[in-house]
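Reading through the structure tokens given below for one structure.
Just so it is clear, none of the values below were taken in a lab; they were calculated from the coordinates. Only a predicted model underlies this, so the values are computations on that prediction, with no experimental measurement involved. Virtual Cβ from ideal backbone geometry, glycine too; neighbours counted across all protein chains shown.
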Amino acid sequence: MRTKAIVSRPGCRYRSDKNMRGMARGPSGHLITPTTGNPLLEAALESVARQTYQPIQHLVIIDGSERSPAARRLISTRSIDGIELPYPTGLDGFQGHRIYGGAPYLARGDLICFLDEDNWMDEIHVESLVDVLRKGHQWAFSLRKIVDQEGKFICLDKRIAWQMALDSHLTTT
């Protein structure tokens, strides 16, 4: 398989030469989350567990061994693949970017999705991205919802340039 595009998070990428147009059931895949052990990771893990789209495996990559105890406490009770890097890759302002660049090479599924540790998804999020892929696109992207501390919706994180450039690949869940 060869990769045809690079996708920024949050989004999904179908990494096959064939498209998903007309597929009744989507491929299996991985959802990748880099972590520093942030307590907000708990909400991200919960949102992945509630996804209506299956099968998808959550791959959590711990960014450095000194961050392992906090991160492992959060993932230890879940069916999650965890990988611990020997040193942190994000100390120079690249918060998870290097992990997002390298982790797809470790994932086995045809579908690759990305989620920051301090974000979470609606239950139908991955399914809605797969619906975009089923239209024949090789990738899909979504805007973030901005919410308050109680989870109440405030607005979409609309960046006009992104929206104009990505219109046909966009979902808003």
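Here the range 31-161 has an Rg and Dmax of 14.9, 43 Å, counting Cα atoms alone. Remark on Q57: its backbone amide H falls under 5 Å from those of G29, H30, L31, a criterion applied only to residues 5 or more positions apart or on other chains, H modelled at 1.01 Å from N.
Here's how it looks for E84: its modeled amide H is under 5 Å from those of I62, which are all 5 or more places away or on a different chain. Rounded to whole numbers, the Karplus 3J(HN,Hα) couplings from phi for the range 49-56 are 4, 8, 4, 6, 7, 9, x, 9 Hz, using 6.51 cos²θ - 1.76 cosθ + 1.60 with θ = phi - 60°, and x at Gly and Pro. Net length available on complete extension from K152 to R72 is 25.9 nm, with 0.36 nm assigned per residue and the Cα-Cα distance removed.
What is the calculated FRET efficiency for L40 to R108, with r their C-beta to C-beta distance and R₀ = 35 Å, to the nearest 0.05? In this case the efficiency is close to 0.80.
Remark: the Cα gyration tensor places the range 93-137 in the oblate category, a/c being 1.5 or greater and a/b not exceeding b/c. For the pair D92 and K135, label points projected 7 Å from Cα toward Cβ lie 3.9 nm apart.
For the range 120-128, the Karplus equation 6.51 cos²θ - 1.76 cosθ + 1.60, evaluated at θ = phi - 60°, returns couplings of 9, 10, 5, 4, 9, 4, 5, 4, 5 Hz by residue, with Gly and Pro reported as x. Look at the Cα gyration tensor of the range 46-107: its axes a ≥ b ≥ c give a/c of at least 1.5 with a/b at or below b/c, and that counts as oblate. Highest average first, the peptides 89-100, 137-148 ordered by how many other beta carbon atoms sit within 10 Å of their residues are 137-148, 89-100. When the GluC sites (Glu not before Pro) in the range 63-154 are filtered for DSSP coil states and for at most 14 other beta-carbon atoms within 10 Å of their beta-carbon, the remaining sites are E123, E150.
Database remark: amide H of L156 closer than 5 angstrom to the amide H of I146 (H placed geometrically; neighbours at sequence offset of 5 or more, or on other chains; Pro and chain starts carry no H).
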